[in-house]
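Enquirer: Take a look at this one; I'll ask things after.
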Amino acid sequence: MKIKTPITISNAILLFVILAVAGCGSTSGSKIAATEPAAGGNGIGVAAAAAPAGGENDSLSGTEPGFPDLTEEYGGSDPMEGFNRSMFALNEFGLRYMVQPVVVFWASLIPRHGIQGFRRLADNIAFPRRTFSSICQAKFKYAGIDTSRFLINVTLGIAGFYDPALDWFDMEVQDEDFGQAFAVWGIGSGCVLHLPVLGPSNIRDGVGKIFDYAFDPKTYIPFPGVFGFTMLNDSAHRYRDIDTFFRANYDPYELLKRFYAAERHLKINDYDRKERIEEYQKKFLSDEKEIVLPEPDPLINEIVVKGFKSQGAYIDTLRVGMVDIQNDNRSMWVDLSLWNTDFFNQGSICSVEVIKGKPDMPYKVWYQKQDDAPLAVVIPGFGTHFTSTHASRISEILFNQGYTVALLNSAFNWEFMSTAGSAPVPGYVPLDAEDVRVATAAVISHLEGKGLHFQKKILVGYSLGGTHALFIGAKEKADPKLKFDRFVAINPLVDTGKSVSAVDETSLAWKKWPREQIFDRGVFAAGKILSMTTGQYKPYGELELEKEKDGIDPVVRGSVPPPAPAADEKEQAAIGVKQAKCDPLPFTDLEAQVLISFNYKITLEEMIVSIVRNNEALNRFKNKCSWGNRTEFYREVSQLSFDDYNKILLVKYHSDIEKRAVSEEEIDQKSRLKSIEDFLRDGQNVFVIHSANDFLDNPAGRQWLKKTMGDRCVFYNGGGHLGELYFAGSQDKLASLAGELKNQADTPVAGQKIVVGKSEETK
């Protein structure tokens, strides 16, 4: 496998955006709900109130140790955390209020091609830094390649404005620096050091930067602002990734510190090198046993995606990282340009008051030109922010069907919790769903206040958001306020209690690795998923059919069944079938589990920090969580499972509110979709899109859901949790459900009044 993109800290940020914002699968992450809230109330049996003061320390200090703290081991300690956080805040302020306005001007003046050309030019000039640092590490091959790249690009690439060395000779940038050289010499990282303008570093790499600049010819160009221009141009190229990272996370400093440590470990050990990847891939694959795939379940009538072979629930789940916005990076202008037309940037970020006394709740909306276009509201999965790529892709599908689309944050996202959460501890599904319902009502009212009026409305949720959408539908059936015409849930959690157990099980996968290999294997897996997800993917479209010589398709989809699968390529050619490409993903089952569990764990940690920072009375842990000193608190909560979260925070909170012992079984019962079985069985406007090997559910749950909903619930034969969104058929199914409803709005029924200008006609 070949790394498509150099592993840099900006790409490490992108990796987090992919994993934690775009997600590699989302789940509720908790056992939720005890009894229905009292009429008009927000609690389990009474109105939710402020958290009770005090409370004993419930930290699970005696539990088995969790994931080891390898960030400090490989990235350095953080004794100057207060100073570093101050520098981080200064850099973020400068980025938003000083750099961004200038970048908008530059990006609107110079097209994408020019900005990329200037980046290549600046990178080509800096070749001595890479060459001499390679020599210092005795990496003479890399030094030779980079010198050759420089000569080729200077002569054939207009001084480096173009990159013929890569395009014609497949010679990649050898991204080495003096910090790496010092590490190879045996110099330790020292403590964490966040530098003004330059960002995350440590003592060793900070000194290395001095040598990097000394060996960069741009330092000696007698023209003021060369480095400032270079940074400005780089910001124009990657601003969206960085802005998303800052916007989507409660504590981006902590995450950046972790990813910097991982990125440096990856580069120092050359895990981003093709030869090392092949070496380690071969070794790691030989260490793990091949998984046994379950037989298809005839009771759920799986939709077979031809040409796709499942690799198991966990690896299939990673395909959600291949779910891309289709109208993206197509504009000739970069993201911050005023002229950019990419779908992601066409959305407007709005805000509306949901709960009096709390800050306004942000959400994102894509407007149709017509004021009477139907409305689609999208609810994402566990912890997901509205900047998520796959949430944006779902929004794009609905927008392309003619909908104005409003995309909210997850009820488990820190931003939703602080603006629209009625209880300080999320996790009780009926209450969380009611919070989302109230927030949705505020959004609809806000949009209608802009002069929009919606003939039809569809509510779409996925993962935990799908569960919330179904609970909202059940509530709407009894008390219609939002008046949605259709509900679609993608991979909803049938039983959140079992989902919690499944997530906690993945968090133990790392224990099957030797301790000395944990960080190596984790970073290696992260490098592979970064390489995979930085590509631009189209949905997998099953089989492509070659036309006969007379131009007539041998098989017309939907008219006659396709030919039986061919035994080999020659036989395929004989019957005119061309296999669409759906390559297996280069991960082991354990790697996939670790990557997935990492996504959940960092979301859980950030959620707990948000809870404690917003309400100190809920800190049931040994360590304080102050602004400038959170390292020990993070170390403590990093050992927690989702079940621990339930016991320490969720159950305890609702027990205090109820003034009685609320059991986990009581919580679990009202979390299940079975609690709204009548709605799922009888609601003809309710639909579910699912996969047959979602690791967050089990066969019994899938069978029950299929039996309850019948043809309104479809299962694809692979995809794990949300990975089936990569299939064109799955996306087409969502589009058809939305399109069918839109057509109903466009086709007036007999007797319906149609407004034409200022007059009315009756059909």
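A short reminder: the numbers here are calculations on the coordinates, not readings from a lab. From a predicted model like this one, the values you see are computed outputs, not experimental measurements. All Cβ positions, glycine included, derive from the backbone under ideal geometry; neighbour counts span all protein chains shown.
Enquirer: If each residue's Cβ is checked for other Cβ atoms within 10 Å, how do LYS309, LYS652 rank with the fewest at the top?
Expert: LYS309, LYS652
Enquirer: For segment 96-131, list residues with backbone N below 20 Å from a point placed 7 Å from the Cα of VAL154 toward its Cβ?
Expert: Only 117-131 pass the distance filter.
Enquirer: Next up: Could you rank the peptides 347-355, 488-496, 360-368 by their average count of other C-beta atoms within 10 Å per residue, with the highest value first? Don't skip to the answer; put the middle values down first.
Expert: Numbers: 347-355: 16.2, 488-496: 28.2, 360-368: 20.0.
Descending mean neighbour count gives 488-496, 360-368, 347-355.
Enquirer: Now for a different question. With only Lys, Arg, Asp and Glu charged, each at its Cβ (+1 for the first two, -1 for the last two), find how big the charge dipole of segment 58-208 is about the Cα centre; round to the nearest 20 debye. Mind showing how you got there, number by number?
Expert: On the way: 11 positive and 18 negative charges, 167 e Å.
Taking the Cα centre of segment 58-208 as origin, the dipole is about 800 debye.
Enquirer: Right, another one. Which of ASP167, ASP328 has the fewest other C-beta atoms within 10 Å, and how do the rest follow up to the most?
Expert: ASP167, ASP328
Enquirer: Pull out the extension gain between ILE349 and ARG247, defined as 0.36 nm times the separation in residues minus the alpha carbon to alpha carbon distance; nm, one decimal.
Expert: Residue separation times 0.36 nm, minus the Cα-Cα distance, leaves 35.6 nm.
Enquirer: Related question: Order these by the 10 Å Cβ neighbour count, fewest first: TYR280, TYR74.
Expert: TYR74, TYR280
Enquirer: Take the residue pairs LYS457/LYS733; LYS538/LYS601; LYS481/LYS674; LYS364/LYS733 and return only those whose Cα atoms are more than 26 Å apart.
Expert: Violating the 26 Å limit, Cα to Cα: LYS538/LYS601.
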